[in-house]
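Colleague: Starting off with a structure, shown below.
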Amino acid sequence: MRITVLLGMLLLVLLPNLSFAEKITYDPNLVKPTSAKSTSDERLEQKITYTAKNKRLHTVLEEISEQTGVVIRSGTNEKDWQVRDLPIFVCVKDMPLGDLLDHITRVTHLLLSSTMVGDKPQYRIWLDAARRKQIEECLARMKDMALAEEKWKWDAWVRCGSIPADELNKSIEREVDEDGGTTYPDEQTIDSASRFPAILAELPAETKDAVFAGEVIRINAKDASASLREKITSLYRSQWEYQQQEQERYALENPEVARYFKKREFKESYLESTSLVISLSSDRAPSVNARVDGGQVESFYFPFWMLDEIKHPAVSAMLDEHYKSIEEQLAQQQHLLETLSFECPDGFTRIDDYESEDKSVNIKIQKPAKSEELRYSDIMELISKASGCSIITEDFKSKRPSFVDDETFYGHEISLKQALQNSGQYDYQWYGNDKVVLGSENSWYDSHKNLMPEQLLSELSKKLNTTGVDLDDIVPLVNFTEEQISEWVASDRELRCISLSMMGDDRMFWRLYDALSPSDKTAAKSENGVPIAKINPNLASEVFAKAAYEKHRTYQESGDLIGFGKAMMSDPEAVKKITEWVMQQHPELSPHNSVEETGDEDLVPDFDTYQLISEIKQQFPEYFAPVLVPTDPYQISKLRLQVLSNDYPNICMEEPDAKMPEVEKRHSYRMEISGDGTKISVLAPCYSFPIYSEKRLQQLYKEQGIITEDESDDSSQK
């Protein structure tokens, strides 16, 4: 494999999160919620036939308003994107407008109100402050209960530390798949769960408080006590051996990829970089993550969830005692979930119950003639037409392609329930009568919380297909959460080319840049940069306080390719030095040994990626040293933020005389914060700008004669 591809992989970096929301002002003059059925507006009796696929609530209501002449608005105001931008699917035929408004209100979990303007009422679908507060409080209480459960789990694992590892191992219940012969949990996971408690039990008592306060705890084996060091390194060795066995098994089953699993010699020197890392996830349901990192192989995670699998008497007694003590909390959680659940409307029945009463509706769906990739909303439209039922539901899936099984879905008689589930809406509850089907996602409140503003996503999509996306277009994403990015960027067919996730501390520092005014952003890109003092003091102090522990320029997972690329690009001088050294030490990795040059894949040399990374880290330790981040930026004089552009090709390891297409000659950014001897260097949210959509890249390649029309068609089909 050529060094350009290898180190291009190493330089790959991801992107991440946001809080684009503006504070919403509630209108106290809006009337109390009502239903369309309770009004005397004859205009609501007009029947409407309408289909909306992959559209947001405000668009749907605007189109219905235009079609019917009835003014219908969404949200408390035009800035209320959390309501206005809810995605919804509507496919109705000859439905009274009033019924349609009530159904839309119900499936979006919102409120409907009317206000007289002149002699005619106008309507609004919205969320009042009281209901919004109730939802937020319910979610907060559920999160608090999940956090309390994780703290108990920590204490339980510590108590398990007094049980010998081999005794724990034998007591873990295993299930064997008779068809494949696989064991669940697998032996590697069981081994980790058996050894982990002794490690956790030996940590200082304050470690738990630090983790639950949001700190990422890293304990280097070489700096730990002799007893703890032995436990960490022993687990590392054991997990490495399991990985080697799995690779060898996979190589035997797949001879064509065997050469990619060249066995690595395990060297004790690698234990110098072995460490234990513990953190609290930022997910909607908080959970403790623990792993052991090494310099040679990827991380191994500790299975915190495995307590229920351990059938040891002492553990079973702990679990019984715990579940009795939290019966009331579990009941409270169930009550909270019921508070947020979808209420079945009068005249409707849950589809599950409907079919259990032998009133099943069987339908036959014909595969459409069009060849383009179908979205979930396309499938829902087919179901609506085949069943003769109008369907209305929130639709958080249509940004993704559909994955129905053609052989079982099309051309056969299947029940309405099966069709709805096979469409990909398996985590929905469906309610129906003879004419209408309504859908509600089980965890709709999570989807609402993870919504992203349509305007931001639309602007990104437009630029991806025209001018390309640059740094200032991407930076607002650092304010969103991982869940939001995963749902609305990484899962979107157009936006996924910018769904590169970003590392923790780096994301926080780029929030400082995002908080700057347009003029200050320009200044930040100049030779002088912009003073930290010009940035919101509360935000700057929060960022520096969170990053005050040692910030590693390598990603937390020291063996990770992405982290290695991040470490290199945070100091561009490393690129040239490391490239030259690798070429001297490993001439077999020259670009001239690529498949393009040799024409024979078998002649491309094997190499051990992790081995190469380890050699580079040992040769250039200065590029991988931790950076001490100050706690209070305002106590450092002349502290400035500067954004620097690295003008080199996308795959910057290419040889100087290589002919690269103009479209690939992009640039990347990094940020430096410096003053009074302090210097922090972080990578930009995406490693190379501008970023184009796949469609736009194809156009640029054709314009430059890099590919032909036929090649472009082949690529798009793939």
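No lab work stands behind these numbers, since they all come straight from the coordinates. Since the model is a prediction, treat every value here as computed from it, not as a measurement. FYI the Cβ positions are ideal-geometry reconstructions off the backbone, even for glycines, and counts take in every protein chain you see.
Colleague: Specify whether the C-alpha gyration tensor of region 327-486 places it in the rounded, prolate or oblate class, a ≥ b ≥ c being the square roots of the eigenvalues: rounded for a/c under 1.5, otherwise prolate if a/b is larger than b/c and oblate if not.
Modeller: oblate
Colleague: Let me ask another. What pairs in Lys449/Lys534; Lys546/Lys679; Lys397/Lys463; Lys53/Lys399; Lys79/Lys143; Lys399/Lys449 have C-alpha atoms more than 20 Å from each other?
Modeller: The pairs that break the limit, which is 20 Å between Cα atoms, are Lys449/Lys534; Lys397/Lys463; Lys79/Lys143.
Colleague: Let me check I've understood the local charge: for Ile636, count other residues with C-beta under 12 angstrom from its C-beta, Lys and Arg +1, Asp and Glu -1. What total comes out?
Modeller: With Lys, Arg at +1 and Asp, Glu at -1, the net is +1.
Colleague: Counting Lys +1, Arg +1, Asp -1, Glu -1, what net charge surrounds Lys364 among other residues with beta carbon under 12 Å of its beta carbon?
Modeller: +1
Colleague: What order do you get for Arg237, Arg229 when you list them from fewest to most C-beta neighbours inside 10 Å?
Modeller: Arg237, Arg229
Colleague: Calculate the length of the line joining the C-alpha centroid of region 107-124 to that of region 664-697, in whole Å.
Modeller: 48 Å
Colleague: Listed highest first by mean packing, meaning other Cβ atoms within 10 Å per residue, what order do 89-102, 486-499 come in?
Modeller: So the peptides 89-102, 486-499, ranked by packing, come out 89-102, 486-499.
Colleague: Another question, then. Summing +1 for each Lys or Arg and -1 for each Asp or Glu, what net charge is found among the other residues whose Cβ lies under 11 Å from the Cβ of Arg496?
Modeller: 0
Colleague: Further question: I need Leu337, Leu168 ordered by Cβ neighbour count within 10 Å, fewest first.
Modeller: Leu337, Leu168
Colleague: Taking the Cα centre as origin and putting +1 on Lys and Arg beta-carbons and -1 on Asp and Glu beta-carbons, what dipole magnitude results for region 36-132, to the nearest 20 debye?
Modeller: 340 debye
Colleague: What are the residues whose amide H is under 5 Å from the amide H of Phe89, where those residues sit 5 or more places off or on another chain and H is modelled from the backbone?
Modeller: Thr393, Glu394, Asp395
Colleague: With viscosity set to 1.567 mPa s at 4 °C, what whole-number translational diffusion coefficient in µm²/s follows for region 36-132 from Stokes-Einstein and a Kirkwood radius over Cα pairs?
Modeller: 96 µm²/s
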